[in-house]
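Below: one structure, written as structure tokens.
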Amino acid sequence: MRAMKRIVILISGRGSNMEAILRAASAEHWPAQIVAVISNKAQAAGLATASAAGIAARVVEHVAFPDRAQFDRALSAVIDEYSPDLVVLAGFLRILTPEFVVHYHGRLLNIHPSLLPSFPGLDTHHRAIEAGVKFHGATVHFVTPELDHGPIIEQAVVPVLDTDTEDTLAARVLEQEHVIYPRAVRDFIEGRYVLIGGRVARHSA
């Protein structure tokens, strides 16, 4: 019998991707347990969702620390209390230090609302519309010290319509995020892909 994998999720707000992961883990009977949800904001709505699901909900407020390095060390200490096999960034709105990222190398995932390597950083939907691209989307990737440039695990493509606003495009991208992020997390837990030489290699089913 396989040992249950341990997942820690980091959020800063509502945590809709966290909710999608929780739903999938329960419905699909993953060989994993979400052992903690941690936020850098005490008012994050997703903490109540985690608590209601019986998951440890913790807060490490970044404003309590003088710099990113000290915050990241404190955050890492709390994460490591749970001995996670995987750390999932689900709307965690902090840029992480290289030391933090290296500590979780190969077990730190993020989802970004664009088809990386296009449009890293903020305001992706506005930038996609302004650039006149015909396709936009979302990317699940391993986190590396370079912002939004880690090895790509999975992507979802969304057409950009002539009538799109930032809000309508963002809503359709978010729908796809809720599909591909749980799938990427499940596939990690089940060992369906591995990080080799800076690229993601998938095992055959």
Problem set entry | Ascending count of other beta-carbon atoms within 10 Å, so fewest first, for L195, L169, L161 | L161, L195, L169
Exercise. Which of G15, G137, G54 moves the most in a Gaussian network model of the chain with Cα springs under 10 Å?
Worked result: G54
For this session: State which helices in the chain qualify, where a helix is a whole DSSP H run, it must extend 15 Å or more along its own axis by its Cα atoms, and its mean Kyte-Doolittle hydropathy must be at least -0.5.
Result: 16-27, 68-80, 166-189
For this session: Would you compute, from DSSP H runs of 4+ residues alone, the mean residue ellipticity of the chain at 222 nm, taking -39500 (n - 2.57) per run and dividing by the full residue count, rounded to the nearest 500?
Result: -10500 deg cm²/dmol
Problem set entry | In Hz, Karplus ³J(HN,Hα) per residue of region 154-161 (6.51, -1.76, 1.60; θ = phi - 60°; x = Gly, Pro) | 7, 9, 10, 9, 10, x, 9, 8
Seminar exercise, completed: For volume of the Cα convex hull per residue in Å³, with candidates [x] 131; [y] 121; [z] 161, the value calculated from the shown model is option [x]
Exercise. Short version: ³J(HN,Hα) in whole Hz for each residue of region 103-120, in order, from phi by Karplus 6.51 cos²θ - 1.76 cosθ + 1.60 (θ = phi - 60°), x for Gly and Pro, what are they?
Worked result: 4, 10, 3, x, 9, 10, 10, 9, 10, 10, x, 6, 8, 4, x, 6, 6, x
Seminar exercise, completed: If F65, F135 are placed from fewest to most neighbouring beta carbons inside 10 Å, the sequence is F135, F65
Exercise. For the chain, what is the relative contact order in percent, using Cα pairs closer than 8 Å and at least 6 residues apart in sequence?
Worked result: 19
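Which of the GluC sites (Glu not before Pro) found in region 77-151 are in a DSSP loop and have at most 10 neighbouring Cβ atoms, other than their own, within 10 Å?
E146
Values quoted throughout were computed directly from the atomic coordinates according to the rules given, and no laboratory measurement underlies them. Predicted model, so just to flag it, every value in this text is computed and none were measured. Here Cβ is always computed from backbone atoms with ideal geometry, including for glycine, and neighbour counts include all displayed protein chains.
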